[in-house]
């Protein structure tokens, strides 16, 4: 396990963080094919939950690093096989048995959610586009094409929302209060375009006024110089 400590120290030095306490170890992760194993049977050293033979020992090591908080183990199913989707599971360990041992623990599932940033989403979309390519490659997208795709996605989302709202108003769809509150909160974040336009117009008029004022003062100064010379 000294390798893990060395890698963490190298990661901290590579980031250039002056304060090491800003980074905290919360757990560890492992990749595998749990879904495939569940459908085709278990493989040696790993069960259908993505836990391996040495998972308990590794978990005990990270428990010492995260104490007094429990270490979180994330099992990631990469889903590289055709027809197998990617999945993420999270666990914390609980000791079992009369005699406390590192390997005597049970992994308890905890709720987890897969999130990603917009920049990561763009990379994933580019990778997915290569799946339909004959040679399995995808050219990097241009800013204009990215904007076009984003506008199409936004237009499609707005169409789905509009269709849902119209169906609720017609009474053909049972309204969902949680979804309604979410849509209302989204509308609350939309800036006031009319107010923004008025503010921008005022700024433009102020700049134009100052430019005319400076131009007038320059003309007056030039005429005074000419008058003094004569």
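Shape descriptor for segment 119-189: Rg over Rh equals 1.15 (Cα atoms; Rh from the Kirkwood inverse mean 1/r). Compared with the direct C-alpha span, the chain from residue 117 to residue 1 gains 38.6 nm at full extension, assuming 0.36 nm per residue.
Tell me, what is the FRET efficiency for residue 126 and residue 222 to the nearest 0.05, using R0 = 41 angstrom and their Cβ-Cβ distance as r? With R0 = 41 Å, the Cβ-Cβ based efficiency is 0.10. For a Förster distance of 25 Å, can you work out the FRET efficiency between the beta-carbons of residue 30 and residue 64, rounded to the nearest 0.05? Using R0 = 25 Å, I get an efficiency of 0.85.
Backbone N atoms of segment 108-123 closer than 14 Å to the 7 Å Cα→Cβ label point of residue 182 belong to residues 114. If R0 is 25 Å, the Cβ-Cβ spacing of residue 78 and residue 23 corresponds to a FRET efficiency of close to 0.45.
Values quoted throughout were computed directly from the atomic coordinates according to the rules given, and no laboratory measurement underlies them. Remember, predicted model here, so these are calculated numbers, not experimental data. Every residue, glycine among them, receives a Cβ derived from its backbone with ideal geometry; neighbour counts consider all protein chains shown.
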